[in-house]
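Participant: So that we are looking at the same thing, I have put the structure below in structure tokens.
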Amino acid sequence: MTTQTAENAPAPGREPRIIAFCCQYCAYSAADMAGSMRLQYPPEVEIVLIPCTGRFDVILALRALEKGADGVYVAGCLEGNCHFLDGNIRARKRVNYLKKELESVGIDPGRLEMYNLSASQGPRFAEIAAEFYGRVRDLGPLHKNP
Ligand code: FES
């Protein structure tokens, strides 16, 4: 866990940018439900709809980080409930692989995460978004001059 210091504090007026790759069946539906329930979560979390987390590729995360995101997460169906059988299992392997690669180049692996949730977990979606946002905010900006 990283603690916030003067060095890693977000630049004044700059909140972290988060990209959330959400599978259309569960995570995106949960996000929809969070919206319908008027649950609050940080507006800096930008949702990108993907058909299944099995379509998540490390290049997508790297490109998001390169283009200004401070953190990326992947949210898919619960294990055993992927509509394409094992897409979420493959996604988790890719996320774990990329975490190690990020660490090897000096980027905190906490800037990347994988979550599983069901379509009925709107409150959990909002909780994940807030949790991850808080974590990345504590890590500070990835790009010093965005
Ligand atoms: Fe949701 Fe595969 S369809 S993770």
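Participant: Please work out how much length the chain gains when fully extended from residue 85 to residue 97, using 0.36 nm per residue of separation minus the C-alpha to C-alpha distance, in nm with one decimal.
Facilitator: Full extension from residue 85 to residue 97 adds 2.3 nm.
Participant: What distance in nm separates the simple spin-label points at residue 78 and residue 57, each placed 7 Å from Cα in the Cβ direction?
Facilitator: Modelled inter-label distance: 3.1 nm.
Participant: If I fit a long axis through the Cα atoms of helix 122-139 and take the longest principal axis of the Cα atoms of the chain, what angle between them do I get, 0 to 90°, rounded to 10?
Facilitator: Around 20 degrees separate the two axes.
Participant: Taking the alpha-carbon set of the chain, what are its Rg and Dmax in Å?
Facilitator: According to the Cα coordinates of the chain, Rg and Dmax are 14.8, 46 Å.
Participant: Could you pull the Cα extents of the stretch 89-146 along its three principal axes, largest to smallest, in whole Å?
Facilitator: Per principal axis, max minus min of the Cα coordinates gives 37, 26, 16 Å.
Participant: Obtain the nm distance between the two label points defined at residue 38 and residue 120 by a simple spin-label model: each point lies 7 Å from its Cα along the Cα-to-C-beta direction.
Facilitator: Placing both labels 7 Å beyond Cα along the Cβ direction yields 2.4 nm.
Participant: What is the percent carbon and sulfur in the accessible area of the stretch 47-119, measuring with a 1.4 Å probe over the protein chains and ignoring ligands?
Facilitator: Summing carbon and sulfur atoms, their accessible area is 55 percent of the total for the stretch 47-119.
Participant: Accessible area per residue, 1.4 Å probe, Å², for the stretch 6-137: what's the number?
Facilitator: Per residue, the stretch 6-137 has 51 Å² of solvent-accessible surface.
Participant: I need the calculated FRET efficiency for the pair residue 66 and residue 131, taking r as the beta carbon distance and R₀ as 22 Å, to the nearest 0.05.
Facilitator: 0.35
The values are calculated or read from the model by the stated rules, or taken from the named source; none is laboratory data. Note that the structure is a prediction, hence the values are computed from the model and not measured. Glycine gets a Cβ as well: all are built from the backbone with ideal geometry, and neighbour counts include every protein chain shown. What goes into the accessible areas is simple: the full protein's heavy atoms, side chains included, and nothing from ligands, DNA or RNA. Shrake-Rupley method; radii C 1.70, N 1.55, O 1.52, S 1.80 Å.
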